[in-house]
Amino acid sequence: MALFHFARAARTSALLAAGAAVALGCASSAFAASGVALELNRFEPRDKACRISLVANNTTDKALDSLKLDLVFFDKQGVISRRLAVEAGPLRASKTTVKLFEATEIACDEVSRVLLNDVTSCGAGAGEDCLALVGVTSRVKDVEFSK
């Protein structure tokens with residue numbers, strides 16, 4: 001009889017531990033979802049440049065007067081082709097905004113990956129770790145956006 005109670009207690013403990021892990025996972029997912037979501041949305045070829053459409057969704061309740069991005073572009077062979085500093089701010093609180101910028105001396109069809117190397121500024125009141133505030137995705141065919 002004591003063995004039965006021990007096995008039942010062990011199963012209950014395992015279920016409670018699994019439930020706690022799921023709850024913690026949900027809490028961290030909710031935390032990660034709050035911030036700024038950056039999406040590479042479109043590349044448009046221009047004369048010796050690539051116009052980039054970036055969709056920025058500030059899901060926080062705070063406006064960001066600045067969002068300075070350090071972007072690194074890689075070619076199809078995985079070699080760095082260009083590094084670019086971009087000001088994607090200001091961003092209003094709880095608002096999605098489209099930002100356009102031109103990457104000169106880059107052919108759009110030669111880019112395979114864009115790395116968000118750093119976020120050098122995210123404005124007053126946003127906290128210390130600006131890079132952790134930002135999540136990235138890409139809709140541009142065959143172009144990865146990572147950090």
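The values are calculated or read from the model by the stated rules, or taken from the named source; none is laboratory data. Note that the coordinates shown come from a computational prediction; the quantities given were computed from them, not determined experimentally. Cβ sites come from the backbone with ideal geometry, for glycine too, and all protein chains shown count toward neighbours.
Please pick out the residue among V140, V114, V98 that is of a type outside the set (S, T, Y), within 25 Å of K48 (Cα to Cα), part of a loop (DSSP other than H, G, I, E, B) and modelled with pLDDT of 95 or more.
The unique qualifying residue is V140.
What residue, of V136, V98, V143, V55, is closer than 13 Å to V36 by Cα and touching a residue at least 60 places away in the same chain (Cβ under 8 Å)? Step through it out loud before you land on a result.
Numbers: V98 fails: touching a residue at least 60 places away in the same chain (Cβ under 8 Å); V143 fails: closer than 13 Å to V36 by Cα; V55 fails: touching a residue at least 60 places away in the same chain (Cβ under 8 Å).
Sole residue among the options that is closer than 13 Å to V36 by Cα and touching a residue at least 60 places away in the same chain (Cβ under 8 Å): V136.
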If you go through region 64-89, how many residues are outside any strand (DSSP E or B) and either touching a helix residue (DSSP H, G or I) at 6+ places or on another chain (Cβ under 8 Å) or crowded, with 17+ Cβ neighbours inside 10 Å (or both)?
5
